[in-house]
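Structure first, commentary second.
The values are calculated or read from the model by the stated rules, or taken from the named source; none is laboratory data. Note that this is a predicted model, so its numbers are computed, not measured. Counting neighbours? That spans all protein chains shown, and the Cβs are built from the backbone with ideal geometry, glycine included. These area figures cover heavy atoms from the full protein model, side chains too; ligands, DNA and RNA do not enter into them. Shrake-Rupley method; radii C 1.70, N 1.55, O 1.52, S 1.80 Å.
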Amino acid sequence: MAVRRNSNETALKNVLIPIIQAIGRSGKLIYLLLFIVIAVVAYKIFNSKSESSTVEYNSSLIEKQIKNVGKLVVTEGHFSEVLTYKDQKKYLMDLVSFEKKALIIVNADVTVAYDLREIKYDLDEKNKTVTVLNIPKEEIKISPNIEYYDVEQSTLNPFTGDDYNKVNKIVRANLAKKIEKSKLKINAKNRLISELYNILILTNTMGWKLEYNGEELTKTSVKKVAL
C-alpha cells in the first residue's frame, strides 16, 4: 500500500510542477495561488482516503491470521500410573469365590489445545490495538496406553469386555484428577498467550499492538509468561 501511494504522489508531482511553472511564467500570480490551494486540498483528500484503506486492509489481515490458525495445540504432557484391578465372584452363599486380578501400568500422553476461532477480540482501528477479550475453554485430549501384567483369572470369572471398560474409565478418571492437580492447564494458557503474540507478530510491523487483561503484550512480557 505504501509503495502504491508513493508512486501516485510522484506521478501527481510530475503533472503539477510543469503546470505551476507555466502559470508562473505567464505572470498571472492570482491564478497560480488559486491553483496551489486547489492542489493542496486535493492532496489532503487523496492522502486521507489512502490512510483509511490501509487501516481497513490491516484489520482484515489480522482477522484472517486468527481465523486461519483454527485449533492450536499449545502443551503436551506425559503421565504414568500403576494400579491393581480386582474383581471377585462368590457362589454357594459366599462359601466359594473366584477372583480375577491384574497389575495395570498406564502411560498416557495428554495434549491441551485451543480453538482460536472461538477467541473473542476487539479491533480498535483508531488506536491500532488488538484486544483479546476472552479465551475459550481448553480442550484436553487423553491418550492412555494400558498394559496388563500378572493377570489371574478363572473359567468361572474370566476377564471380559466389561472389565476392560471399567479399567479404562478408572484410568481416565485418575488421569483427569492428576491433570487438575498439575500445572498443565496453567502452563497451557501461558503458552497460548505466547503463541498469540507470535501469530499476531505482524501487528507490530504494521504499528498495531496486542493487549490482554489490560496489559500490552511485548516480546519481554511474553517470554516471562511462557517460562
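Assorted remarks:
- Residue that is nearest to residue 96 (Cα to Cα) [pool: residues in the range 177-186 that are open to solvent by less than 70 Å² (accessible area, probe 1.4 Å) and out of contact with any Lys or Arg (no Cβ under 8 Å at 6 or more places or on another chain)]: 182
- Options 133, 103, 116: the member that is of a type in the set (A, V, I, L, M, F, W, C), touching a strand residue (DSSP E or B) at 6+ places or on another chain (Cβ under 7 Å) and exposed (fewer than 12 other Cβ atoms within 10 Å of the Cβ): 133
- Within the range 96-127, tally of residues that are within 30 Å of residue 84 (Cβ to Cβ) and not basic (Lys, Arg): 15
- Verdict on residue 163 being charged (D, E, K, R) and surrounded by fewer than 14 Cβ atoms within 10 Å (Cβ to Cβ): no
- Of the criteria (1) modelled with pLDDT under 90; (2) polar (S, T, N, Q); (3) surrounded by fewer than 13 Cβ atoms within 10 Å (Cβ to Cβ); (4) under 25 Å from residue 71 (Cα atoms), which one residue 145 fails: (1)
- Residue pairs whose Cβ atoms lie under 9 Å apart, sitting 6 or more positions apart in sequence or on different chains, and linking a residue in the range 172-185 that is within 16 Å of residue 75 (Cα to Cα) to a partner that is open to solvent by less than 70 Å² (accessible area, probe 1.4 Å) and in a loop (DSSP other than H, G, I, E, B), are 185/138.
- Where residue 174 falls short, out of the listed (1) modelled with pLDDT of 85 or more; (2) open to solvent by less than 40 Å² (accessible area, probe 1.4 Å): (2)
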